[in-house]
Amino acid sequence: MVTVRGRPTAQLPHLTALVLVLGFNIALGGLKKNGISSQISEESNEQRKMTVEPNDIVFIIQSQKQSFHAKQATKLKQDILLQAEAISQHLPTVLLIHELSKHEGAWTIIPILQHLSTTYSKKSWFFFCEEQTRIRVPKLLDVLGRYDKNKEWFLGKGLCDEQSTIIHHYAFAEDPAAFKYPDFAAGWALNTALVNRLAKQVKNEKPFADFTIDLKHEIALFIMDKAGGPQMTPVVEFCTEDKTSSEAAKCATTFQTYLPFCGTPVEKKDVFFAVKTCKRFHQERIPIVKKTWEKQAAIIEYYSDHADSSIPTVYLGIPNTERGHCGKTFAILQRFLSSAVPEAPWLVIVDDDTLISIPRLRTLLSCYNPKEAVFLGERYGYGLGTGGYSYITGGGGIVFSREAVKQLLTSGCHCYSNDAPDDMVLGMCFNSLGIPVTHSPLFHQARPVDYPKDYLAHQIPISFHKHWNIDPVEVYSSWLGNEDDLISDQMNWKQTQSREDL
């Protein structure tokens with residue numbers, strides 16, 4: 001399903017789009033008026049060396065409930081505390097975000113700002129990071145010591161869009177590179193003075209957008225635009241280089257370019273692929289699937305509104321809809337559990353314009369247990385500031401364990417109409433069952449050109465979506481078809497885990 005802010009493109013009102021563009025252009029004018037380079041220069045001149053102790057920092061790890069990810073985050077927490085213990089008796093606070101709040105939207109940060117402000121008001125810094133971010137605590141203390149804690153600071157490794165992109169609602173279309181936002185993999189920091197300002201803003205005016213699409217971009221925009229806070233200050237010591245690289249010596253943080261690998265990749269026969277299509281795209285999109293990733297699939301079916309023996313397609317009795325595809329998706333789920341198809345532990349539902357690396361997916365799935373309820377892909381959010389739910393956006397592919405499908409269908413949760421947005425309905429259903437969305441940034445709702453090159457540089461991507469103005473076969477070959485990268489990455493992952501377990 002093609003979604004913009006979680007809804008089909010055709011449903012986005014033209015007036016709303018115009019307001020978004022005008023708002024972003026106004027913000028862009030503010031950026032230019034302020035002068036980013038001159039501001040950073042002035043900040044550098046004003047920075048004073050200050051002593052920062054480990055217990056001045058609250059570390060917040062972007063952890064997840066799912067067992068594999070919770071274990072990774074716990075290992076990072078232990079590493080931070082061990083490093084701190086080696087240099088000080090006063091240890092930092094380390095929080096796992098999935099344990100911090102029962103609020104489903106805690107991962108979007110904004111709903112927990114008031115809690116952070118009131119609970120940790122005597123701290124100086126809040127440092128946010130991913131579960132695979134690696135932190136050199138002494139170096140981080142030195143870096144933070146350069147910044148006057150009495151002023152407001154938003155620190156990170158800067159990313160910027162190279163062209164206006166749909167995932168950011170075509171923000172800053174006049175000059176996309178003018179707006180910097182943090183690469184979460186490198187870690188990012190807010191000082192307490194700024195957190196207090198943001199918490200007050202949240203209390204006085206609920207700033208929550210309906211949809212959470214790309215959190216790192218939306219956080220930066222909230223700080224600068226909604227809360228009137230500072231632009232992000234780039235910090236060269238916040239890095240995404242591998243910690244073994246020669247460039248990592250200067251870094252306070254590093255990040256391993258990795259594809260999680262936990263043993264033997266799942267077998268081909270254990271993954272069932274369901275491709276959603278319609279008669280309109282039989283000749284345009286299905287040949288691309290067959291030229292690229294179909295040959296890597298042991299079990300694959302194409303579900304259409306028209307039976308075509310040349311592909312072949314399966315007609316499930318659900319007519320095609322212009323908007324959502326909820327009826328078709330739930331029919332696929334029911335067929336997956338039926339005797340009509342081979343039994344498999346995993347189901348992957350994709351669009352007919354999804355490009356996916358099956359070898360990489362099989363490697364990733366080695367870290368998950370299909371006997372657990374697993375609902376995996378790229379996470380979006382709807383209404384998370386006021387309750388709401390997380391969901392997996394469909395374009396990059398949605399992965400279900402067999403157990404997750406069983407629990408979903410047994411619950412009786414269903415589509416309210418055949419053309420309801422399937423990905424959002426699935427999110428609502430799993431949320432009501434208490435089954436968490438498991439996020440992987442290696443799935444992508446958009447094309448490679450829609451993401452900063454620096455962001456993709458530390459990924460081994462699993463999927464991309466859309467054929468707009470690209471050669472999809474070339475994109476597959478360049479980004480997803482190199483199995484030599486996969487073998488190398490498996491070896492690196494094993495070596496890294498062995499070193500960290502010592």
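Odds and ends about this structure:
- Average accessible surface area per residue within the chain, 1.4 Å rolling probe, Å²: 41
- Long-range HN-HN contacts of ILE300 with modeled amide H, under 5 Å: PHE273
- Of the trypsin sites (Lys or Arg not before Pro) found in the stretch 114-145, those that fall in a DSSP loop while having at most 16 other beta-carbon atoms within 10 Å are LYS122.
- Net charge of the neighbourhood of TYR302, taken over other residues with C-beta under 12 Å away and scored Lys/Arg +1, Asp/Glu -1, is -1.
- With distances taken between every two different alpha-carbon atoms, the stretch 268-488 has a Kirkwood hydrodynamic radius of 17.7 Å.
- Residue-averaged [θ]222 nm for the chain, counting only DSSP H segments that reach four residues, each worth -39500 (n - 2.57): -10000 deg cm²/dmol
- Cross-link pairs exceeding 19 Å in C-alpha to C-alpha distance, out of LYS75/LYS243; LYS71/LYS243; LYS276/LYS453; LYS328/LYS371, comprise LYS71/LYS243; LYS276/LYS453; LYS328/LYS371.
- Only helices reaching 24 angstrom along their own axis (Cα) with mean Kyte-Doolittle hydropathy no lower than -0.5 count here, and for the DSSP H runs of the chain these are 14-34, 67-87.
- Converting the Cα gyration tensor eigenvalues of the chain into ellipsoid dimensions via √(5λ) gives semi-axes, longest first, of 39, 26, 21 Å.
- ³J(HN,Hα) computed for each position of the stretch 384-389 - Karplus, 6.51 cos²θ - 1.76 cosθ + 1.60, integer Hz, glycine/proline x: 6, x, 10, x, x, 7
- The stretch between SER309 and LYS151, if pulled fully straight at 0.36 nm per residue, gains 50.1 nm over its current Cα-Cα span.
- Over all orientations, the stretch 54-255 has a Cα convex hull whose mean projected area works out to 11.7 square nanometres.
- Computed 3J(HN,Hα) for the stretch 219-232, one whole-Hz value per residue from the Karplus formula 6.51 cos²θ - 1.76 cosθ + 1.60 where θ = phi - 60°, is 4, 4, 5, 4, 4, 7, 8, 6, 9, x, x, x, 5, 5, glycine and proline marked x.
- Percent carbon-and-sulfur accessible area, the stretch 268-488, ignoring ligands, DNA and RNA, probe 1.4 Å: 49
- Heavy atoms of ASP148 accessible to a 1.4 Å probe, total area in Å² rounded to 10: 20
- For GLU174, the solvent-accessible surface computed with a 1.4 Å probe is close to 130 Å², ligands and nucleic acids excluded.
The values are calculated or read from the model by the stated rules, or taken from the named source; none is laboratory data. Since this is a predicted model, take the numbers as computed values, not measurements. We place every Cβ from the backbone using ideal geometry, glycine too, and count neighbours over all the protein chains shown. Heads up: the accessible areas ignore ligands, DNA and RNA and are worked out on the full protein's heavy atoms, side chains in. Shrake-Rupley method; radii C 1.70, N 1.55, O 1.52, S 1.80 Å.
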